[in-house]
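The values are calculated or read from the model by the stated rules, or taken from the named source; none is laboratory data. Since the structure is predicted, the reported quantities are computational estimates derived from the model, not experimental observations. Cβ: placed from backbone, ideal geometry, glycine included. Neighbour counts: every protein chain shown. The protein model used for the area step is the full one, side chains on, heavy atoms only, and it has no ligands, DNA or RNA in it. Shrake-Rupley method; radii C 1.70, N 1.55, O 1.52, S 1.80 Å.
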Amino acid sequence: MHADLIIVGAGMVGSTLALALQDSGLDILLLDRGPLEAAPWSPEAPFEPRVSALSAASQRILERLGAWDGIRARRAAPYGEMQVWDGSGTGQIRFAAASVHAEVLGHIVENRVVQDALLERLAGSGIGLLPAVRLDGLRRSGDGWLVSLGDGRQLRAPLLVAADGANSTIRRLAGCTTREWDYLHHAIVTSVRCAEAHRRTAWQRFTDDGPLAFLPLERDGDRHWCSIVWSTTAEQAERLMALDDAAFAAALGAAFEWRLGAVLEVDPRHCIPLRQRHARRYVEPGLALIGDAAHVIHPLAGQGVNLGFLDAATLAEVLLHARGRGERLAELRVLSRFERRRMPHNLAMMAAMEGFERLFQADPLPLRWLRNAGLKWMDELPGGKALFVRQALGLSGDLPELARA
Ligand SMILES: Cc1cc2nc3c(=O)[nH]c(=O)nc-3n(C[C@H](O)[C@H](O)[C@H](O)COP(=O)(O)OP(=O)(O)OC[C@H]3O[C@@H](n4cnc5c(N)ncnc54)[C@H](O)[C@@H]3O)c2cc1C
């Protein structure tokens, strides 16, 4: 089988790229080891443990690709406020959408919901879908690539996009090197029901062991559910995972200073080791890495997939522009335009998260004083806060057309 472009990985990022190129006239194959059909939806379905805080920029991209309606038709929880505080001090900061005349700061959406809304759009798009196949071999052949699938089939294309996630097989097979930071942290994720409603606020407490986030969820108008991401040391995570639900709920409530009262119910818990990883290059001739295949960032700012959506929209824009000018899309000269636009932005976000992480992990008294004083100062500085809010909305920097107002 031959195509102009093969996208490996139909997660949120790979599916977005495919949709953004659906009218390009290119012959595109999108393959994934999972099924490529939206699952039947029930409004009473339990919450998925993996959620994303989607920025306004991501929302725009998804709206323009026609997937936002499918998300709203399932469920998405808008939030208009964010409260961040230091558990070992007095510093705290509040962000409000109203401060930049926006209605919301973002939406908390289950990853499955985003994925299914995208798959629904892909179904009628003319993109060639190859579900339930695993890429397990890759080599250069002539001017392009020869891709081997687990079922024995072979595919050929001059251009390959790796959207196959944090443990990207393509990145490994193509020999792309990465820089990695082990946080010695694990994240426990689950959904919990609290005694008090979340007031459409995203909450984050920096504990001595790492950040703990309570992100608002909504089901049938019930605003007592939150998705939690509790980043902590491997030993503490192991201890917390071993607790029964009642003991875990008590430990969680205490770690969160009971800001939403007692934790009444806890869904099944999952524990994910955290690593920050960044590919040294996103492109080589005939190959581009996007989304988690290119960069994995600490979840504390909830930016991972937002960066991935911007990668997908920018790469689509670069390819469409080059095609309009009759250029060869697989050429390094063309693909480097994508890398030049996205790498500085992704690196800046990763460096900021790294700085936050280190500052809040630091124990020496002067650093504790600094972060508490810093949070207070920032909280009282309207201009500085507005800058932060615009960053959280994803409305700063070099945005692709699909994400612009
Ligand atoms: C605890 C936690 C909380 C997070 N919270 C947020 C948040 O609030 N906001 C946010 O923006 N981000 C968040 N993230 C990050 C976000 O989940 C990721 O950035 C996002 O899921 C990456 O999407 P992707 O499409 O690049 O990769 P993936 O979702 O990993 O998709 C990769 C796809 O490739 C397929 N695949 C892989 N290998 C092969 C192969 N060999 N052959 C065929 N198919 C293959 C897989 O089946 C999969 O469908 C969080 C992450 C964690 C760990």
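Taking residues in segment 5-25 that are farther than 21 Å from V305 by Cα and polar (S, T, N, Q), and partners anywhere that are more than 6 Å from the ligand (Cβ to nearest atom) and assigned to a helix (DSSP H, G or I), the pairs with Cβ atoms closer than 6 Å and at least 6 places apart or on different chains are S24/L320.
Filter segment 172-181 down to the residues that are away from the ligand (no atom under 14 Å from the Cβ) and either of a type outside the set (S, T, N, Q) or in contact with a Gly (Cβ under 8 Å, 6 or more places away or on another chain) (or both) and list them by number. Spell out how you get there, then give the answer.
Taking segment 172-181 as the starting set, the residues that turn out to be away from the ligand (no atom under 14 Å from the Cβ) are 175-181.
Selection gives G175, C176, R179, E180, W181.
Within the option set A197, A237, A242, A246, being farther than 30 Å from R139 by Cβ, more than 16 Å from the ligand (Cβ to nearest atom) and in contact with a His (Cβ under 6 Å, 6 or more places away or on another chain) holds for one residue only, A197.
Checking each residue in segment 31-89 for being modelled with pLDDT under 95, open to solvent by 50 Å² or more (accessible area, probe 1.4 Å) and among the hydrophobic types (A, V, I, L, M, F, W, C) picks out W41, M82. Number of residues in segment 35-85 that are touching a Ser or Thr at 6+ places or on another chain (Cβ under 9 Å) and more than 14 Å from the ligand (Cβ to nearest atom): the value is 5. For residues in segment 258-274 being in a loop (DSSP other than H, G, I, E, B) and at negative phi, which is surrounded by the fewest Cβ atoms within 10 Å (Cβ to Cβ)? Per the criteria, the residue is P268. When A102 is tested against (1) closer than 29 Å to E44 by Cβ; (2) open to solvent by 20 Å² or more (accessible area, probe 1.4 Å), only condition (1) is not met. Residues in segment 213-228 that are within 15 Å of the ligand (Cβ to nearest atom), in contact (Cβ under 8 Å) with a residue 60 or more places away in the chain and assigned to a strand (DSSP E or B): 4 in all. Residue check: is G152 without any contact (Cβ under 8 Å) to a residue 12 or more places away in the chain and assigned to a loop (DSSP other than H, G, I, E, B)? Criteria met by G152.
I188 meets each of the listed conditions (1) under 21 Å from the mean Cα position of the chain (by Cα); (2) β-branched (V, I, T); (3) at pLDDT below 95 apart from (3).
Going residue by residue through segment 97-116, is there one that turns out to be within 11 Å of the ligand (Cβ to nearest atom) and under 30 Å from R323 (Cα atoms)? There is at least one residue in segment 97-116 that is within 11 Å of the ligand (Cβ to nearest atom) and under 30 Å from R323 (Cα atoms).
Looking only at residues in segment 150-171 that are of a type in the set (K, R) and surrounded by 13 or more Cβ atoms within 10 Å (Cβ to Cβ), which one is farthest from the ligand (Cβ to nearest atom)?
R156
Here are L347, L310: which of them is in contact with a Lys or Arg (Cβ under 9 Å, 6 or more places away or on another chain) and either at pLDDT below 95 or within 16 Å of the ligand (Cβ to nearest atom) (or both)? So that I can check it myself, show each step before the final result.
Details: L347 fails: in contact with a Lys or Arg (Cβ under 9 Å, 6 or more places away or on another chain).
Selected residue: L310, the only one of L347, L310 that is in contact with a Lys or Arg (Cβ under 9 Å, 6 or more places away or on another chain) and either at pLDDT below 95 or within 16 Å of the ligand (Cβ to nearest atom) (or both).
Of the residues making up segment 315-346, just one is surrounded by 23 or more Cβ atoms within 10 Å (Cβ to Cβ) and either among the basic types (K, R) or within 16 Å of the chain's Cα centre (by Cα) (or both), namely R342.
Contact map, segment 121-142: first residue over 17 Å from I170 (Cα atoms) and assigned to a helix (DSSP H, G or I), second residue more than 10 Å from the ligand (Cβ to nearest atom) and open to solvent by 70 Å² or more (accessible area, probe 1.4 Å), Cβ cut-off under 9 Å, separation 6 or more or different chains; pairs are A123/E37.
Applying the criterion of being of a type in the set (K, R) and within 16 Å of the ligand (Cβ to nearest atom) to the residues of segment 249-304, the residue that is farthest from E331 (Cα to Cα) is R269.
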